[in-house]
Amino acid sequence: MNEEYLQILNSFGKSTVLAIQAAKDRGQLRKVIAVAHQQLDEIGAGIQKQSNVKLACREGCSFCCYLKVEVSPEEVFLIAEYIRRNLAPAQITEIKKKAKENAVEIQSLTWEEQAGRNIPCALLSEGKCSVYSVRPSVCRKFHATTVDTCKYSYDNPSDFQSKGSENPDLKAVLSFANQGIREGFRSQGFDPNMYDLNCALSEALEDSNAEIKWRAKKRAFSLKSFAKEPVGLLATPENEQQQSET
C-alpha cells in the first residue's frame with residue numbers, strides 16, 4: 001500500500017473518531033456512520049479512477065447478496081431507521097419476515113455451515129438491495145472485476161478455497177478503511193462485537209431497546225446474533241446478567 005493511501009486512511013480514521021466524540025444524540029451518531037460510508041465510497045471511487053480499475057458489478061447482479069454478512073451495531077441501526085422511514089408497510093413486513101426466518105435458520109448452524117450455503121439477504125428484493133444507500137461497509141467493500149468468479153462462488157458456496165477477482169489495491173484500502181470505522185466506535189466504548197446481518201436486523205426491527213442499550217455502551221444484541229466468538233467486556237457473563245436486569 002503506497003504512502004498516499006496510508007495518509008488517506010490515517011486522516012479518515014482520525015476524522016471518524018472526532019465525529020463520534022462530538023456526536024450528542026442518536027441522530028448525530030447515525031450521521032457519523034452515514035458520512036463515513038460516503039467517504040468510503042469516495043475513497044474507492046478515487047482508487048478505481050487512479051488505477052483504472054474496471055468493475056463487473058452492476059445493478060441487478062446479486063450473487064454476493066447470498067453471502068454471509070457480518071456487521072457492526074451502528075450499521076444495523078442505520079439500516080433499521082432507513083427501513084422505518086423510507087419503505088412501505090408491506091415492504092417492512094416482508095423484510096421482518098425474511099430476517100426472522102433467516103435468523104432461525106442461521107442460529108441452528110455453525111459459522112462454517114452458514115458460510116457454506118446460499119442464504120438470500122432479507123434486504124434483497126427483485127434482485128436489488130432495498131437499502132442500497134445505507135448498505136453495510138462490508139457490502140461497499142466487496143467487488144469483482146469479472147462476474148465469473150461471483151457465479152462460481154454462488155454455484156459452489158462451500159468451496160472456501162475459491163479465489164475472487166477483487167483488485168488487490170482496492171481491496172486492501174477499503175478493508176483498512178472499513179476496519180477504521182469499526183475501531184473508531186470501539187475506541188469510544190461502543191459494543192465491539194460483530195453480528196450476523198439477518199439476526200441483528202431482526203432484533204433491531206422488533207426491539208426498540210436495542211439501540212438504547214447500544215448508546216449506553218452495552219451489548220446491543222443477543223448472543224444468538226453474534227457473527228463469531230464475542231470479544232471484549234461487553235460479552236462477559238457479568239454483563240449478560242446486567243443487561244437482563246435493565
Among helices (runs of 4 or more DSSP H) lying entirely in region 81-180, which contain 1 or more residues that are under 18 Å from LEU197 (Cβ atoms) and free of Cβ contacts under 8 Å to residues at least 40 places away in the same chain? 89-106, 111-115
THR93 passes all but one of the listed conditions (1) crowded, with 17+ Cβ neighbours inside 10 Å; (2) under 30 Å from LYS31 (Cβ atoms); the exception is number (1)
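Which residue out of GLU75, GLU94, GLU81, GLU101 is modelled with pLDDT of 95 or more, touching a Ser or Thr at 6+ places or on another chain (Cβ under 7 Å) and among the acidic types (Asp, Glu)?
Sole residue among the options that is modelled with pLDDT of 95 or more, touching a Ser or Thr at 6+ places or on another chain (Cβ under 7 Å) and among the acidic types (Asp, Glu): GLU75.
Which one of these is of a type in the set (A, V, I, L, M) and farther than 30 Å from ASP159 by Cα: ALA34, ALA56? So that I can check it myself, show each step before the final result.
Details: ALA56 fails: farther than 30 Å from ASP159 by Cα.
Testing whether each residue is of a type in the set (A, V, I, L, M) and farther than 30 Å from ASP159 by Cα leaves just ALA34.
On the basis of being more than 21 Å from the chain's Cα centre (by Cα), in contact (Cβ under 8 Å) with a residue 60 or more places away in the chain and within 30 Å of SER162 (Cα to Cα), does GLN48 make the cut?
Values: more than 21 Å from the chain's Cα centre (by Cα): yes; in contact (Cβ under 8 Å) with a residue 60 or more places away in the chain: yes; within 30 Å of SER162 (Cα to Cα): yes.
Judged against the criteria, GLN48 is a match.
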Could you list, in sequence order, the residues of region 2-49 that are surrounded by 12 or more Cβ atoms within 10 Å (Cβ to Cβ) and in a loop (DSSP other than H, G, I, E, B)? ALA23
In region 194-211, how many are under 14 Å from LYS96 (Cα atoms) and buried (at least 20 other Cβ atoms within 10 Å of the Cβ)? 9
Modelled with pLDDT under 90, touching a helix residue (DSSP H, G or I) at 6+ places or on another chain (Cβ under 8 Å) and not basic (Lys, Arg): does that describe SER133? no
Do you know which of the residues in region 181-209 that are in a helix (DSSP H, G or I) and over 17 Å from the mean Cα position of the chain (by Cα) is farthest from ALA122 (Cα to Cα)? SER187
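Here's the yes/no breakdown for (1) of a type outside the set (Lys, Arg); (2) surrounded by 20 or more Cβ atoms within 10 Å (Cβ to Cβ); (3) more than 13 Å from the chain's Cα centre (by Cα):
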residue: LEU78; (1), (2), (3): yes, yes, no
residue: TYR82; (1), (2), (3): yes, no, yes
residue: ARG85; (1), (2), (3): no, no, yes
residue: PRO89; (1), (2), (3): yes, no, yes
residue: LYS100; (1), (2), (3): no, no, yes
residue: ALA103; (1), (2), (3): yes, yes, yes
residue: GLU112; (1), (2), (3): yes, no, yes
residue: LEU123; (1), (2), (3): yes, yes, no
residue: PRO136; (1), (2), (3): yes, yes, no
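The values are calculated or read from the model by the stated rules, or taken from the named source; none is laboratory data. This structure is a prediction, so every number in the text was calculated from the model and none was measured. Please note: Cβ atoms are built from the backbone with ideal geometry, for glycine as well, and neighbour counts cover all protein chains shown.
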